[in-house]
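Visitor: First the structure, which I've put down as structure tokens, then a few questions once you've had a look.
The values are calculated or read from the model by the stated rules, or taken from the named source; none is laboratory data. Note that the structure is a prediction, hence the values are computed from the model and not measured. Every residue, glycine as well, gets a Cβ built from its backbone with ideal geometry; the counts of neighbours run over all protein chains shown.
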Amino acid sequence: MLRIILIIVVGVFMSAAETPSRSLILGGGCFWCLEGAFELVPGVQDVTSGYAAGHIDHPSYEAVCNGTTGHAEVVRITYDPAVVGRDRLLALFWKIHDPTTRDRQGNDVGTQYRSIILANDEDEAAAARAAIAAEQAHWPAPIVTQVALLANKGPERFHVAEAYHQDYFRRNPQQGYCQAVVRGKVAKAKQFLAETPPQVQVRDLLQDKTLGPVTRQPAVVRTDAEWRARLTPEAYAVLRHEGTERPFCGGLLNQKGEGWFTCAGCDLPLFSSSAKFESGTGWPSFFIEAAPENVRRIEDRSHGMLRVEIRCARCDGHLGHVFNDGPPPTRTRHCLNSAALTFVPLPGKTAP
């Protein structure tokens, strides 16, 4: 039985370290516009301009612009599904282009400018069609966005565009077309992101204090003044400004009760008392997260060191760091600040 439990725990730990990226290919006018907009989205790891859904292999920009290759100008968006969902990416897609104009966006006319979603599989294609059906209520004319499966080989596959097209708006913000067209699309994207909080996938506590299923919910976003008013000075310094409390001084260092250690900023369950151990370092230490979805890992090169920072997935509060010197089965030590945590005892239990 012990061997089975250890295998399960190690499996959960590995899933926390390996967050697979996903991709989505969209076309809706000049790819400079889409690239400039989607690069702003938290959770988007890369945006690559290219051509797809045509009938000529290795198309050039000049050939695509002539309208003889059948390709659409598209972007391949690589994203972390734990940070941003496909539904949010599509919501932005509708905001920055007109899906009701066939083979045209503004003054850009031609089949290469058509509105198109290229899905990786049938499930994604079905989700795209459902998104179009839901979006139709917001448009006075029929949406003509094409939905097709992305080819894995042959002329219809995704072809990376020439190097000078990549990151075009970021590198050429003063160029004429960028000023006249791309800048407006980017402004719409900024407005959309400001008005609609990002979504996160996390596991919350249920009423009986057990860990619930993964749900998508709004991230907790507050102004600096709101954080100051909500948190103690020490918690504010740690969570919002990456502070570190003095060793052997934290109020939860010797907490031995049964329960959950939750984020002091948003109450998200982060660690279980069953994973707590005495590390001798002077800070509360845990060998595994309560749920991999609830803790984000970020490379930290501050203070001349290379470390892995851990942050709350819902409010982005700084928690501490994770090291590879912990006990089995994970061999990891999540080194936390007490000020970043709140202890919630299990029902019928008290905090000693």
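Visitor: Tell me, which strands (runs of 3 or more DSSP E) lie completely within segment 173-273 with 3 or more residues that are over 21 Å from the mean Cα position of the chain (by Cα) and of a type outside the set (Lys, Arg)?
Guide: Of the strands (runs of 3 or more DSSP E) lying wholly inside segment 173-273, those with at least 3 residues that are over 21 Å from the mean Cα position of the chain (by Cα) and of a type outside the set (Lys, Arg) span 259-263.
Visitor: Moving to a separate point now. Between a residue in segment 309-329 that is closer than 12 Å to Leu341 by Cα and in the same structural domain as Leu231 (by TED's automatic domain parsing) and any residue that is part of a loop (DSSP other than H, G, I, E, B) and of a type in the set (A, V, I, L, M), which pairs come within a Cβ distance under 8 Å, given they are 6 or more apart or on different chains?
Guide: So the pair list comes out as Cys312/Leu268; Gly317/Ala264.
Visitor: Something else about it: Kindly indicate which of Gly36, Gly67 is part of a loop (DSSP other than H, G, I, E, B) and either farther than 17 Å from Tyr164 by Cβ or out of contact with any Cys (no Cβ under 6 Å at 6 or more places or on another chain) (or both).
Guide: Checking each option against the conditions leaves just Gly67.
Visitor: Can Val200 be described as modelled with pLDDT of 95 or more, out of contact with any Ser or Thr (no Cβ under 7 Å at 6 or more places or on another chain), surrounded by 11 or more Cβ atoms within 10 Å (Cβ to Cβ) and aliphatic (A, V, I, L, M)?
Guide: So Val200 does not fit the description; no.
Visitor: If you go through segment 59-68 one residue at a time, do you hit one that is among the charged types (D, E, K, R) and free of Cβ contacts under 8 Å to residues at least 12 places away in the same chain?
Guide: yes
Visitor: Of the numbered conditions (1) of a type in the set (A, V, I, L, M, F, W, C); (2) under 20 Å from Pro329 (Cβ atoms); (3) surrounded by 18 or more Cβ atoms within 10 Å (Cβ to Cβ), Phe277 satisfies every one except a single condition; which is it?
Guide: Failed condition: (3).
Visitor: Which pairs turn up if I take residues in segment 119-142 that are assigned by TED's automatic domain parsing to the domain that holds Glu156 and within 19 Å of Ala53 (Cβ to Cβ) and look for partners that are of a type in the set (Val, Ile, Thr) and in a loop (DSSP other than H, G, I, E, B) with beta carbon separation below 6 Å, at least 6 apart in sequence or on another chain?
Guide: Pairs that qualify, where the first residue is assigned by TED's automatic domain parsing to the domain that holds Glu156 and within 19 Å of Ala53 (Cβ to Cβ) and the partner is of a type in the set (Val, Ile, Thr) and in a loop (DSSP other than H, G, I, E, B), are Ile132/Ile143; Ile132/Thr145.
Conditions (1) more than 26 Å from the chain's Cα centre (by Cα); (2) within 23 Å of Thr196 (Cβ to Cβ), marked per residue:
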site	(1), (2)
Phe93	no, yes
Thr100	yes, yes
Leu118	no, no
Glu124	no, yes
Gly154	yes, no
Tyr168	no, no
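Visitor: Still on this structure: For segment 234-249, which residues satisfy the criterion of being farther than 24 Å from Glu299 by Cα and modelled with pLDDT of 95 or more?
Guide: Listed by number, the list holds a single entry, Phe248.
Visitor: Related question: Applying the selection to segment 301-352, what residues are polar (S, T, N, Q) and not in a loop (DSSP other than H, G, I, E, B)?
Guide: Hits for segment 301-352 are Ser302, Ser338, Thr342.
Visitor: Name the single residue that is surrounded by the most Cβ atoms within 10 Å (Cβ to Cβ) among those in segment 107-147 being of a type in the set (Val, Ile, Thr) and part of a strand (DSSP E or B).
Guide: Applying the filter and picking the extreme gives Ile117.
Conditions tested, residue by residue: (1) of a type outside the set (Gly, Ala, Ser); (2) more than 21 Å from Gln45 (Cβ to Cβ).
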{"position": "Gly282", "(1), (2)": "no, yes"}
{"position": "Phe287", "(1), (2)": "yes, yes"}
{"position": "Ala290", "(1), (2)": "no, yes"}
{"position": "Val308", "(1), (2)": "yes, no"}
{"position": "Cys315", "(1), (2)": "yes, yes"}
{"position": "His321", "(1), (2)": "yes, yes"}
{"position": "Arg333", "(1), (2)": "yes, yes"}
{"position": "Ala340", "(1), (2)": "no, yes"}
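Visitor: Does segment 272-287 include one or more residues that are under 13 Å from Ala339 (Cβ atoms), of a type in the set (Ser, Thr, Tyr) and in contact with a strand residue (DSSP E or B) (Cβ under 9 Å, 6 or more places away or on another chain)?
Guide: no
Visitor: So, one more: Any idea which of Leu90, Leu193 is out of contact with any His (no Cβ under 9 Å at 6 or more places or on another chain), in contact (Cβ under 8 Å) with a residue 40 or more places away in the chain, surrounded by 18 or more Cβ atoms within 10 Å (Cβ to Cβ) and under 30 Å from Ala313 (Cα atoms)?
Guide: Only one candidate qualifies: Leu90.
Visitor: Scan segment 50-68 and give yes if some residue there is in the same structural domain as Leu150 (by TED's automatic domain parsing) and under 23 Å from the mean Cα position of the chain (by Cα), otherwise no.
Guide: Looking through segment 50-68, at least one residue is in the same structural domain as Leu150 (by TED's automatic domain parsing) and under 23 Å from the mean Cα position of the chain (by Cα).
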